[in-house]
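*Asks:* Mind looking over this structure? Questions follow.
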Amino acid sequence: MGLHLIGAVLNGFIALLYIFGGRHMLADRIDKIVLGLLVICCLWSIATNARLFVDLSYPDASVGSITGATSSIVITLLVGANVLLAMERYFISRGTSPSASAKYHIASMSFSSLLCAVIIGVFATS
């Protein structure tokens, strides 16, 4: 529990530095993707802490289903954000313009969103 709390504080602090650091901190798309990764990691740490407290307070099967869905969604978002980061690094190394690579980013984000919707549907119907 302590590790997740420290992770939430540190990731939140770095994300706030990005957000309030000025426009030069978020000038490129790769910086925005890294900020998204930091926010996802911070939310995962917060959700893990909340899950531990809820599991101790309400040991119910429905709570377990919610925590399972949350963990699955966060992992899907982390994988999707890492794919975006890898694609952006590839496009930067190839010298592709941001407007030419936008369709690939939109496709990747749409696929991650679809996976999250499927996860929510699976956990909602089980």
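The values are calculated or read from the model by the stated rules, or taken from the named source; none is laboratory data. Worth saying up front: this structure is predicted, and the values here are computed from it rather than measured. Quick reminder, even Gly has a Cβ in these numbers, built from the backbone with ideal geometry, and neighbours come from all protein chains shown. To get the accessible areas, we keep the full protein, side chains included, count just its heavy atoms, and leave off ligands, DNA and RNA. Shrake-Rupley method; radii C 1.70, N 1.55, O 1.52, S 1.80 Å.
*Asks:* From the backbone phi of the range 44-56, what are the Karplus-calculated ³J(HN,Hα) couplings (6.51 cos²θ - 1.76 cosθ + 1.60, θ = phi - 60°) in whole Hz, Gly and Pro given as x?
*Replies:* With the stated coefficients, the range 44-56 comes to 5, 5, 5, 5, 5, 5, 5, 4, 5, 5, 5, 4, 6 Hz.
*Asks:* Rounded to the nearest 500, what is the 222 nm mean residue ellipticity of the chain from helices alone, with -39500 (n - 2.57) per DSSP H run of 4+ residues and division by all residues? Each step should come with its number before you reach the end.
*Replies:* Values: 4 runs with 110 residues, N = 126.
For the chain, the value works out to -31500 deg cm²/dmol.
*Asks:* Based on the Cβ-Cβ distance of residue 54 and residue 100, what FRET efficiency does E = 1/(1 + (r/R0)^6) give at R0 = 35 Å, to the nearest 0.05?
*Replies:* Working: r = 45 Å, r/R0 = 1.30.
Computed FRET efficiency for residue 54 and residue 100: 0.15.
*Asks:* Relative contact order (percent) for the chain, with alpha-carbon contacts under 8 angstrom and 6 or more residues of separation?
*Replies:* Values: 84 pairs, mean separation 33.7, N = 126.
Worked out over the chain, it gives 27 percent.
*Asks:* Assigning unit charges at the beta carbon (Lys, Arg +1; Asp, Glu -1) and nothing else, what dipole magnitude in debye, to the nearest 20, does the chain show about its Cα centre?
*Replies:* Numbers: 7 positive and 5 negative charges, 87 e Å.
Here the size comes out at about 420 debye.
*Asks:* Calculate what fraction, in whole %, of the accessible area of the chain sits on carbon and sulfur atoms when a 1.4 Å probe is rolled over the protein chains.
*Replies:* Working: 5940 of 8130 Å².
Heavy-atom surface of the chain belonging to carbon and sulfur, 1.4 Å probe: 73 percent.
*Asks:* On to the next question. Once you have a ≥ b ≥ c as the square roots of the Cα gyration tensor eigenvalues for the range 35-120, tell me rounded if a/c is under 1.5, and otherwise prolate or oblate according to whether a/b is larger than b/c. Write out the running numbers ahead of the final one.
*Replies:* Details: a/c = 5.01, a/b = 2.48, b/c = 2.02.
Prolate.
*Asks:* Moving to a separate point now. Leaving out ligands and nucleic acids, note down the accessible area per residue over the chain with a 1.4 angstrom probe, in whole Å². It would help to have the intermediate numbers written out before the result.
*Replies:* Details: 8130 Å² over 126 residues.
For the chain, the per-residue accessible area is 65 Å².
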